[in-house]
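Worksheet: one structure, shown below.
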Amino acid sequence: MLKQLYLLLSGLIIAPEKTWRTMAGKQESNNEDFYKSYLYPIIGLIALMSFCGVWIGAKDFQLQIALRVVIKETIAYFVGFYLAAYGLFRLSEKYFGLNADLHCFERFAGYSSAAIYAVACISALSQSLFFLQIFILYTVYIVWTGSGIYISVKENYLTKFTIFASAVIILSPVVIRMIMTLIMPGL
């Protein structure tokens, strides 16, 4: 399962057009396989890397701090994923005339977040790797290639949809993390 996850993540990052074409032929009506084979393992991997990052980086390891970081990252990426998928679903229907179902937008948001998830896994291990956050912008290219292939966005809306979808996908976890920090400052 981890090998398939690695191949999918690396395919979306290295050759997104080929990977989107492969996935476009295998679209399902529900997202059970998507959750089991992609989303849950990648969020679990981010949580594990966050825990290990606190364990490796702390001079005196405290389980309470490690669990706080894990909870914060897990909630930020899970809620950020659902916020991005639902936002894309509602606003794309209204402004871009797309008739795809919510399950399709959930898969699109999850697969488009491949660069975000990869950077989160790597940078969670060490605070000194914060400069890797710039690679999150590669999400724009992944969204651009997937928009026309996976969701079938019309050519005249492709640029606008790419900018809109990329902003929603990139900013959703950031906004959730900021809200959590404001509501629960100790987290």
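Contact order normalised by length for the chain, with contacts defined as Cα pairs under 8 Å and 6 or more residues apart; what percent is it?
29
Could you give me the ³J(HN,Hα) list for the range 72-83, computed from phi with Karplus coefficients 6.51, -1.76, 1.60 and θ = phi - 60°, whole Hz, x at Gly and Pro?
4, 5, 4, 5, 4, 7, 5, 5, x, 4, 5, 5
Which label marks the calculated value of volume of the Cα convex hull per residue in Å³, given the options (1) 117; (2) 125; (3) 143?
(1)
Can you show me the helix-derived [θ] at 222 nm for the chain, built from DSSP H runs with n ≥ 4 at -39,500 (n - 2.57) apiece and divided by the number of residues, rounded to the nearest 500.
Helix-only estimate at 222 nm: -22500 deg cm²/dmol.
If you average the sequence gap of Cα pairs under 8 Å that are 6 or more apart and divide by the length of the range 1-77, what percent do you get for the contact order?
27
In whole Hz, what ³J(HN,Hα) sequence does the range 45-56 give by Karplus (6.51, -1.76, 1.60; θ = phi - 60°), x for Gly and Pro?
Computed from phi, the couplings for the range 45-56 are 5, 4, 5, 4, 5, 5, 4, 5, x, 5, 5, 6 Hz.
What's the exposure ranking of Cys52, Cys121, Cys104, going from fewest to most Cβ atoms within 10 Å?
Cys52, Cys121, Cys104
Using a 10 angstrom cutoff on alpha carbons, build the Gaussian network for the chain and name the most mobile of Ile136, Ile56, Ile169.
So, out of Ile136, Ile56, Ile169, the one fluctuating most is Ile56.
Need the list of aspartates and glutamates near Lys154 for cross-linking: C-alpha distance under 17 angstrom, and skip anything on the same chain fewer than eight residues off.
Glu17, Glu93, Asp101
Loop by DSSP (not H, G, I, E, B), at most 11 other beta-carbon atoms within 10 Å: where is the longest site-free stretch of the chain for trypsin sites (Lys or Arg not before Pro)?
Longest stretch, sites excluded: 60-187.
Each reported figure results from applying straightforward, stated rules to the coordinates on display, with no laboratory input. Keep in mind that what you see is a predicted model, and the values were worked out from it rather than measured. Cβ: placed from backbone, ideal geometry, glycine included. Neighbour counts: every protein chain shown.
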